[in-house]
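No lab work stands behind these numbers, since they all come straight from the coordinates. The structure displayed is predicted, hence computed values, not measured ones. For neighbour counting, all protein chains shown are included, and Cβ atoms are generated from backbone atoms with ideal geometry for every residue, glycine included.
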Amino acid sequence: MKTRPEVVAFLEKELKEADKALKARIQMVEIWSTGTDAQWAEAGCKMDRTARQIEADRHARIRQRCFSRVEHLKSALALLRP
């Protein structure tokens, strides 16, 4: 069985990773939601506006799960820290 400091250290590591994932998803939503068809075509993307919005929505759903995970880890750490 792990000691309290080991559990706290593990949760802090998990929180750091979850926070990085959340920030990445926030950026992905912003990127997929912006730009014109011409700008995206110039960048080599063949998706139209609707397809890009579907991709942005997908990342938004994942972002929400990441946000929930970060909040759960923060709550758990708040209970375990002295």
Worksheet entry | Members of region 25-35 found to be surrounded by 14 or more Cβ atoms within 10 Å (Cβ to Cβ) and either touching a Leu at 6+ places or on another chain (Cβ under 9 Å) or in a helix (DSSP H, G or I) (or both), listed by number | Arg25, Ile26, Met28, Val29, Trp32, Ser33
Worksheet item: Could we say that Glu71 is assigned to a helix (DSSP H, G or I) and without any contact (Cβ under 8 Å) to a residue 40 or more places away in the chain here?
Response: yes
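Every residue, every condition in (1) exposed (fewer than 12 other Cβ atoms within 10 Å of the Cβ); (2) under 19 Å from the mean Cα position of the chain (by Cα), yes or no:
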| residue | (1), (2) |
| --- | --- |
| Val8 | no, no |
| Glu12 | no, yes |
| Ala18 | no, yes |
| Asp37 | no, no |
| Lys46 | yes, no |
| Arg69 | no, yes |
| Leu73 | no, yes |
| Leu77 | no, no |
| Arg81 | yes, no |
Fill in: Residue identified as within 30 Å of His72 (Cβ to Cβ) and out of contact with any helix residue (DSSP H, G or I) (no Cβ under 9 Å at 6 or more places or on another chain) among Glu6, Glu12, Glu42
Glu6
